[in-house]
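Values quoted throughout were computed directly from the atomic coordinates according to the rules given, and no laboratory measurement underlies them. No experiment lies behind these values; they were computed from the predicted model shown. Glycine gets a Cβ as well: all are built from the backbone with ideal geometry, and neighbour counts include every protein chain shown.
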2 protein chains.
Amino acid sequence: MIGIQIPGYTFGTDEVAKSPITDEEFDLLKQTVTFTDEDARYLRMAGEVLDDQLEQILDVWYDFFASHSHLARYFNGPDEELNRNYLAAVRLRFEQWIRDTCAAQYDRAWLDYQEEIALRHTRFKKNKTDNVLSPADHIDLRYVLACLYPIVATIKPFLAGKGHSPEEVERMHQAWFKAVVLQVTLWARPYVRPGDF
Amino acid sequence: MIGIQIPGYTFGTDEVAKSPITDEEFDLLKQTVTFTDEDARYLRMAGEVLDDQLEQILDVWYDFFASHSHLARYFNGPDEELNRNYLAAVRLRFEQWIRDTCAAQYDRAWLDYQEEIALRHTRFKKNKTDNVLSPADHIDLRYVLACLYPIVATIKPFLAGKGHSPEEVERMHQAWFKAVVLQVTLWARPYVRPGDF
């Protein structure tokens with residue numbers, strides 16, 4: 001698998017955290033965002049559309065982070081300057097995250113990996129994967145949640161870039177929107193007081 | 001103000017919680033969802049478009065909740081049956097929430113009221129406003145977050161229902177999307193471990 005070449009990408013390995021979300025709970029969450037098999041199909045279509053545009057997408061997202069110091073600071077080193085190695089390592093995993101989201105194989109291994117990603121935003125695991133000394137020991141949950149908007153909105157032109165019909169583009173985009181809400185929701189879990197998630 | 005007639009709607013009164021979010025923090029959050037003055041203008045346009053469709057919108061949302069028992073149960077009484085008075089009281093405030101979202105007067109009073117709404121989802125205040133005995137003493141944060149999808153997606157046909165151009169409808173919808181992400185983010189605050197929001 002392509003993942004083996006990406007530092008810190010541990011999907012499907014023993015190093016990954018275990019999600020406490022049961023299959024039944026996950027099913028209820030999918031129902032809440034109205035995620036269906038048809039969405040999974042459109043996500044796989046999106047995966048084909050986006051596959052050779054991943055660098056450009058990441059350029060857009062990284063430009064967004066770079067132009068907002070309250071977001072860019074999460075990638076700072078101990079000198080309070082951007083740590084370019086850290087940025088580069090996260091970038092490869094971010095590209096793979098797009099592939100995994102579009103593959104839409106939302107099974108137990110994927111669910112566990114969402115918990116792993118969640119923890120890597122928190123003080124439990126941030127900085128540890130890439131062994132960096134960042135002054136920011138966690139990402140404030142407010143930004144994990146609020147970045148949902150740019151991550152959903154900015155993908156649409158890329159979905160439209162390969163000549164699909166407006167209806168197909170819209171369906172791919174809605175499936176992407178649902179998938180991102182699903183994941184951001186799962187990523188909130190370790191931030192929350194026990195029993196309230 | 002119309003709000004005076006809505007039971008439990010305390011916007012702008014002394015009974016409302018105080019938001020701990022500073023003006024600067026709120027500004028950073030608005031930047032994260034790319035919320036601009038233009039979005040505020042399109043929200044006010046949306047307010048005019050939606051104003052005589054609020055009942056139909058609430059019908060759609062309540063049908064959605066009613067058809068998903070894991071969501072409907074938050075409105076149950078002690079007998080584990082839907083409490084219709086509770087549903088009706090929340091419904092009036094939910095309509096007013098659409099008006100307030102579209103008014104886009106996101107000042108200190110509004111920010112305080114987001115904290116009040118947030119607390120009313122949690123075990124700090126759920127059931128107290130309407131003085132109901134519901135077995136659910138809080139709404140799990142996962143559903144507060146995941147309901148973002150249906151709340152954003154289902155509004156679009158209503159925005160398109162008054163003959164505005166597709167571009168205007170799209171801009172109203174994007175402004176609505178940003179405003180809902182902003183609010184759902186603020187509503188997560190009291191669920192989160194201190195220092196991690």
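I'd like the distance separating the alpha-carbon centroids of segment A:7-27 and segment B:140-197, in whole Å. Taking the Cα centre of segment B:140-197 as reference, the centre of segment A:7-27 is 28 Å away. Restricting segment A:1-108 to trypsin sites (Lys or Arg not before Pro) that sit in a DSSP loop and have at most 11 other Cβ atoms within 10 Å of their own Cβ leaves A:18. Remark: the Cα gyration tensor places segment A:89-150 in the prolate category, a/c being 1.5 or greater and a/b exceeding b/c. Of the GluC sites (Glu not before Pro) found in segment A:1-91, those that fall in a DSSP loop while having at most 13 other beta-carbon atoms within 10 Å are A:15, A:80, A:81. In the protein assembly as shown, the C-alpha radius of gyration followed by the widest Cα-Cα span (Dmax) gives 20.8, 62 angstrom. The alpha-carbon positions of segment B:24-103 define a convex hull whose volume is 129 Å³ per residue. Label-point spacing at residue B:99 relative to the other copies reads 5.3 nm, in ascending order, each point sitting 7 Å out from Cα along Cα→Cβ. Working from label points 7 Å from Cα in the Cα-to-Cβ sense, the residue A:6 to residue A:51 distance is 1.5 nm. Classify chain A: rounded, prolate or oblate, from the alpha-carbon gyration tensor (a ≥ b ≥ c, eigenvalue square roots; a/c under 1.5 rounded; otherwise prolate if a/b is larger than b/c)? Oblate, because a/c is 1.5 or more while a/b does not exceed b/c.
I'd like the trypsin sites (Lys or Arg not before Pro) in segment A:135-197 restricted to DSSP loop residues with at most 13 other Cβ atoms within 10 Å, sorted by number. Qualifying residues, ordered by number: none. The equivalent ellipsoid of segment A:125-197 has semi-axes of 31, 16, 9 Å, largest first, where each one is the square root of 5 times an eigenvalue of the Cα gyration tensor.
Note on residue A:18: lysines with a C-alpha under 30 Å away, same-chain residues under 8 apart excluded, are A:30, A:125, A:126, A:128, A:178.
Counting only Cβ charges, +1 for Lys and Arg and -1 for Asp and Glu, the dipole size of segment A:11-97 around its Cα centre is about 220 debye. Remark: segment B:140-150, residue by residue, has Karplus-estimated 3J(HN,Hα) of 4, 4, 3, 7, 4, 6, 5, 5, 3, 4, x Hz, where x stands for each Gly or Pro and the curve is 6.51 cos²θ - 1.76 cosθ + 1.60 at θ = phi - 60°.
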